[in-house]
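The values are calculated or read from the model by the stated rules, or taken from the named source; none is laboratory data. Keep in mind it's a predicted model, so treat the numbers as computed, not measured. A quick note on method: Cβ atoms are made from the backbone with ideal geometry, for glycine too, and the neighbour counts reach across all protein chains shown.
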Amino acid sequence: MQPERAKMTTSNRRRFLSLCAAGALSLSLAACGGGGGDDDHHHDDPDESPVFYAGTTLVVDGVSYPQEPAPPYSYFAGTVVVEVDHEDEDIAADTLDWLGLRVLEYDDTNGLWVVEVRQGFEVQWARALAEQDGIREAYLNGAHYRAQAAAKRAAAKRLAT
């Protein structure tokens, strides 16, 4: 006497196929790193890069920059402005490259570069970049912050003369 095999109903078959498809999709996304793009050189694994993200905290070369309250003035998302002295341009460029950041715009007259950063981490990046080699100062990219940078540059020029 042969044991009777359980019959798969239509709803069980759909459930089984859905689980198989979900599993295949999960494996595919895991194999290609999540499917959301490389996000330049930024990772969530501190062993892969000098930059990684831990929730809302940016970690650069082992230094944590936690999220702060939103600043009172508006700024452009996904960018910061760095101030670079002419003699330090090569060092600043190497630093940004090492951090996996890309310069979107150069204002060599004023030594200001607009740098692309991960959206939502602009405040943390401004603090972190101000502490990096070759970078004099870093600001959020907005009219108020650019005016602040210009005022600091003008004051520094007055002191130098």
Output the number of the condition that Arg136 fails; it satisfies all remaining conditions of (1) among the charged types (D, E, K, R); (2) in contact with a Gly (Cβ under 9 Å, 6 or more places away or on another chain); (3) at pLDDT below 90.
(3)
Regarding Arg118, is this residue in a helix (DSSP H, G or I) and not aliphatic (A, V, I, L, M)?
no
From Glu122, Glu131, Glu116, Glu137, grab the single residue that is among the acidic types (Asp, Glu) and touching a helix residue (DSSP H, G or I) at 6+ places or on another chain (Cβ under 8 Å).
Glu137
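Yes/no matrix, rows are residues, columns are (1) part of a loop (DSSP other than H, G, I, E, B); (2) within 30 Å of Lys157 (Cβ to Cβ); (3) modelled with pLDDT under 95:
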{"residue": "His41", "(1), (2), (3)": "yes, no, yes"}
{"residue": "Phe52", "(1), (2), (3)": "no, no, no"}
{"residue": "Leu104", "(1), (2), (3)": "no, yes, no"}
{"residue": "Ala126", "(1), (2), (3)": "no, yes, no"}
Would you please name the residue that is farthest from Thr57 (Cα to Cα), looking only at residues in region 71-86 that are over 17 Å from the mean Cα position of the chain (by Cα) and not charged (D, E, K, R)?
His86
Of all residues in region 87-142, count the ones that are aromatic (Phe, Trp, Tyr) and either in contact with a Pro (Cβ under 7 Å, 6 or more places away or on another chain) or within 16 Å of Val63 (Cα to Cα) (or both).
3
